[in-house]
Amino acid sequence: MKADLDYWMEAHGLDALLINGAARHNPPMYYLTGGVHLSSATLIKKRGETARLFHQDMEREEAAKTGLPCIPYSAYSWRELLAQAQGDTALATALRLQRMLTDVGVAGGRLGVYGHADISSLWATLTHLSRLMPQIVVVGETAEDSVFLHAMETKDESEVARIRRMGQVTTTVVQRVADYLTTRPVNSEEVLLREDGQPLTVGDVKARINLWLAELGAENPEGTIFAIGREAGIPHSSGSETEALRL
């Protein structure tokens with residue numbers, strides 16, 4: 001649970017957490033922000049304290065929905081930072097991060113880094129940060145043994161409710177697929193037919209799956225493993241979109 005995060009930070013010897021990236025499709029950031037609409041943000045959590053969220057100005061209302069203390073990026077003049085860095089954007093970003101860390105009371109110690117961000121940009125920024133703040137030790141963790149994995153192993157009531165709801169959504173869609181396929185007419189070649197009499201394809205079924213998920217308030221960012229015939233025997237095959245469904 002999120003309430004256990006400080007315990008796991010101490011167990012892993014981390015003094016603070018730094019999370020980068022969007023709030024969606026980014027598990028650590030989603031976990032601490034609730035998945036509000038943030039296309040790019042920086043979250044810093046010092047052990048024993050409430051996390052601080054740094055965000056783009058245009059997303060201030062979304063940031064406020066997290067309930068976290070929020071600071072807009074404009075609090076740190078990008079023009080001044082870029083001038084100080086002599087046009088080096090990676091250095092300017094590191095200078096801004098240095099000020100953010102200092103403002104939340106992180107002047108040294110072990111800093112765990114998480115989130116989804118372009119590895120080249122992040123590497124350049126952290127390389128500069130290590131020079132600017134040598135008293136900070138940047139720490140990476142594997143997904144299999146991170147503080148977030150351990151915290152997520154137990155759930156609070158709101159997390160359990162969300163899991164149950166998604167279970168209901170997915171089983172509802174699976175049932176709709178089964179009902180749809182078993183009620184389609186079949187031609188003389190044992191091919192299932194659409195409403196217009198044309199062959200029903202893997203792509204047609206996937207389109208319906210995406211529609212039904214959207215109607216139920218879910219999305220499908222990683223696609224669907226749905227295939228027929230030979231491809232159905234290949235692990236994780238997503239099938240050929242134009243392949244017709246046969247009995």
- With the condition kept exactly as written, say whether any residue in the range 5-16 is surrounded by fewer than 19 Cβ atoms within 10 Å (Cβ to Cβ), more than 24 Å from Arg110 (Cα to Cα) and not aliphatic (A, V, I, L, M). no
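Conditions tested, residue by residue: (1) at pLDDT 95 or above; (2) outside any loop (DSSP other than H, G, I, E, B); (3) under 22 Å from the mean Cα position of the chain (by Cα); (4) crowded, with 20+ Cβ neighbours inside 10 Å.
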| site | (1), (2), (3), (4) |
| --- | --- |
| Met29 | yes, yes, yes, yes |
| Lys45 | yes, yes, yes, yes |
| Thr50 | yes, no, yes, no |
| Glu80 | yes, yes, no, no |
| Ala92 | yes, yes, no, yes |
| Leu95 | yes, yes, no, yes |
| Tyr114 | yes, yes, yes, yes |
- Given (1) of a type outside the set (D, E, K, R); (2) touching a helix residue (DSSP H, G or I) at 6+ places or on another chain (Cβ under 9 Å); (3) not in a helix (DSSP H, G or I), index of the condition Gly105 fails: (2)
- Give the range 219-233 a look and list any residue that's under 18 Å from Ala244 (Cβ atoms) and acidic (Asp, Glu), or say none. Glu231
- Message: As an exercise: evaluate Glu219 against (1) touching a helix residue (DSSP H, G or I) at 6+ places or on another chain (Cβ under 8 Å); (2) among the acidic types (Asp, Glu); (3) part of a helix (DSSP H, G or I) and give the number of the one condition it does not meet.
- Response: (3)
- Message: Would you confirm, using the coordinates I've provided, whether Val186 is exposed (fewer than 15 other Cβ atoms within 10 Å of the Cβ), more than 27 Å from the chain's Cα centre (by Cα) and either farther than 25 Å from Thr89 by Cα or acidic (Asp, Glu) (or both)?
- Response: yes
- Note on the structure: The residue from Ala41, Ala16, Ala23 that alone is over 27 Å from Ala161 (Cα atoms), assigned by TED's automatic domain parsing to the domain that holds Asp118 and small (Gly, Ala, Ser) is Ala16
- Message: Considering only residues that are in a helix (DSSP H, G or I) and more than 17 Å from Thr224 (Cα to Cα), which ones fall in the range 155-179?
- Response: Glu157, Ser158, Glu159, Val160, Ala161, Arg162, Ile163, Arg164, Arg165, Gln168, Asp179
- Here the residues within the range 201-215 that are surrounded by 14 or more Cβ atoms within 10 Å (Cβ to Cβ) and within 20 Å of the chain's Cα centre (by Cα) are Asn210, Leu213
- Members of the range 52-64 that are buried (at least 17 other Cβ atoms within 10 Å of the Cβ) and farther than 21 Å from Leu111 by Cβ: Glu59, Glu62, Ala63
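The values are calculated or read from the model by the stated rules, or taken from the named source; none is laboratory data. Model, not experiment: these values are computed from the prediction. We place every Cβ from the backbone using ideal geometry, glycine too, and count neighbours over all the protein chains shown.
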